[in-house]
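Presented below is the structure to which this report refers.
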Amino acid sequence: MRTLGLLGGMTFESTALYYDIINRHVRSQLGGRHSARLLLYSVDQEPMVQHAMAGRWDKFADVFVKAAENQKAGGAEAIVMCASLAHKVADDVENAVGLPLLHVADFTARGILDKGLNKVALLGTAAVMEGDFMRGRIQKRFGIEVLIPDEEDRKRINDGIVNELTTGKVSDRTKAFLVSMAEDLVGQGAQGLILGSTDLGFVIKEEDVGVPLFDTALLHARGVAAWAIEDEVNVERDEKKD
């Protein structure tokens with residue numbers, strides 16, 4: 001089993017979700033009392049949010065680079081960032097540390113293609129919706145069209161996530177607005193909806209919008225768990241053939 005280095009803390013609720021999903025997937029595949037081999041570094045979210053809001057992405061990256069270097073020294077064989085927003089500095093971390101970084105956009109795109117879809121919408125923080133690291137990567141590498149709300153609505157969505165969801169709270173008004181944004185994008189032809197903030201999965205449900213939801217946290221966590229136990233699963237499959 002490969003050892004994963006988890007970079008978490010944005011938010012700790014989403015990190016706990018990753019930890020739970022990864023371990024449950026490993027146990028479901030390998031059985032018995034198996035669990036994942038993990039190294040977890042959890043940041044203090046507040047200064048990270050302040051760095052992001054001020055555009056200090058170099059300082060944001062430095063925190064994760066140092067953490068990932070420690071994880072590499074501790075035996076990690078790949079890095080997993082437990083938040084979509086953190087992938088803004090994914091290339092910086094991967095290049096500095098020299099370990100593969102298992103990117104959330106790749107697992108999300110594969111989940112979309114598995115459903116046979118080629119046009120989806122994306123909701124998340126402004127950096128996630130506007131940045132090339134999520135929308136651009138999915139479009140360029142996988143040929144999937146990704147719709148996003150207009151600039152004013154992106155700001156309102158960002159404010160709702162940063163000021164409410166990341167504090168563990170969400171008002172009925174904010175939930176209603178997020179659902180209305182999703183419905184608008186479906187009306188523009190989106191066949192599915194990417195929940196590009198791990199905290200959105202706690203708010204928007206499939207029955208709210210009537211199209212498949214692609215929860216980045218769920219797809220990412222299951223994907224990295226499968227990567228970690230790939231060799232064991234292949235051996236087990238070969239043994240069954242024999």
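Where only DSSP H runs of four or more residues are counted, the chain gives -16500 deg cm²/dmol as its mean residue ellipticity at 222 nm, each run worth -39500 (n - 2.57). Sorted from greatest to least, the principal axis extents spanned by the alpha carbons of region 105-215 come out as 35, 27, 22 Å. Summary value for the chain: 25 percent relative contact order, contacts being C-alpha pairs under 8 angstrom separated by 6+ residues. Rounded to the nearest whole Hz, the Karplus-based 3J(HN,Hα) values (6.51 cos²θ - 1.76 cosθ + 1.60, θ = phi - 60°) of region 194-210 follow the sequence 8, 8, x, 10, 4, 7, 5, x, 7, 10, 9, 10, 4, 5, 6, 10, x, with x at glycine and proline. Please say if region 1-128 is rounded, prolate or oblate, where rounded means a/c under 1.5 for a ≥ b ≥ c the square roots of the C-alpha gyration tensor eigenvalues, and otherwise the choice is prolate for a/b larger than b/c and oblate otherwise? The shape class here is oblate.
Shown for region 32-154: lysine pairs separated by 8 or more places, or found on different chains, whose C-alpha atoms are under 30 Å apart, numbering 12. Taking the number of Cβ atoms within 10 Å of each Cβ as an exposure proxy, the fewest-first ranking of Ser84, Ser42, Ser14 is Ser42, Ser14, Ser84.
The mean sequence separation of alpha-carbon pairs under 8 Å and at least six residues apart, normalised by the residue count of region 107-242, gives a relative contact order of 30 percent.
Here region 96-152 is treated as an ellipsoid with the same Cα gyration tensor; its semi-axes, largest first and in whole Å, are 20, 17, 8. Structure remark: mean-square fluctuation, Gaussian network model of the chain, C-alpha springs under 10 Å; the largest value among Thr174, Thr125, Thr108 belongs to Thr174.
Look at Arg141, Arg156 and count the other Cβ atoms within 10 Å of each Cβ; fewest to most, that gives Arg141, Arg156. The alpha carbons of region 29-85 stretch over 47, 21, 15 Å along the principal axes, in descending order.
The H on the amide N of Leu39, modeled in the peptide plane, is under 5 Å from the matching H of Leu4, Gly5, Leu6, each at least 5 residues off or on a different chain.
Along the axis of the charge dipole computed for the chain (Cβ charges of +1 for Lys and Arg, -1 for Asp and Glu, origin at the Cα centre), the listed residues Leu218, Ala78, Thr11 are led at the positive end by Ala78. Who wins for biggest fluctuation among Glu230, Glu69, Glu130 in a Gaussian network model of the chain, springs between alpha carbons below 10 Å? Of Glu230, Glu69, Glu130, the Gaussian network model singles out Glu230 as fluctuating most. Determine, at each q value in 0.13 (inverse angstroms), the log₁₀ of I(q)/I(0) that the Debye formula gives when each Cα of the chain is one equal point scatterer. The calculated log intensity ratios at q = 0.13 Å⁻¹ are -0.78.
For region 105-215, give the magnitude of the charge dipole about the Cα centre (Cβ charges: +1 Lys/Arg, -1 Asp/Glu; no others), in debye to the nearest 20. It works out to roughly 320 debye.
We did not get these values from a lab; they are worked out from the coordinates using the rules stated. If you're wondering where the values come from, they're calculated on a predicted model, not measured in any experiment. When we count neighbours, we look across all protein chains shown, and the Cβ atoms used for this are built from the backbone with ideal geometry, even at glycine.
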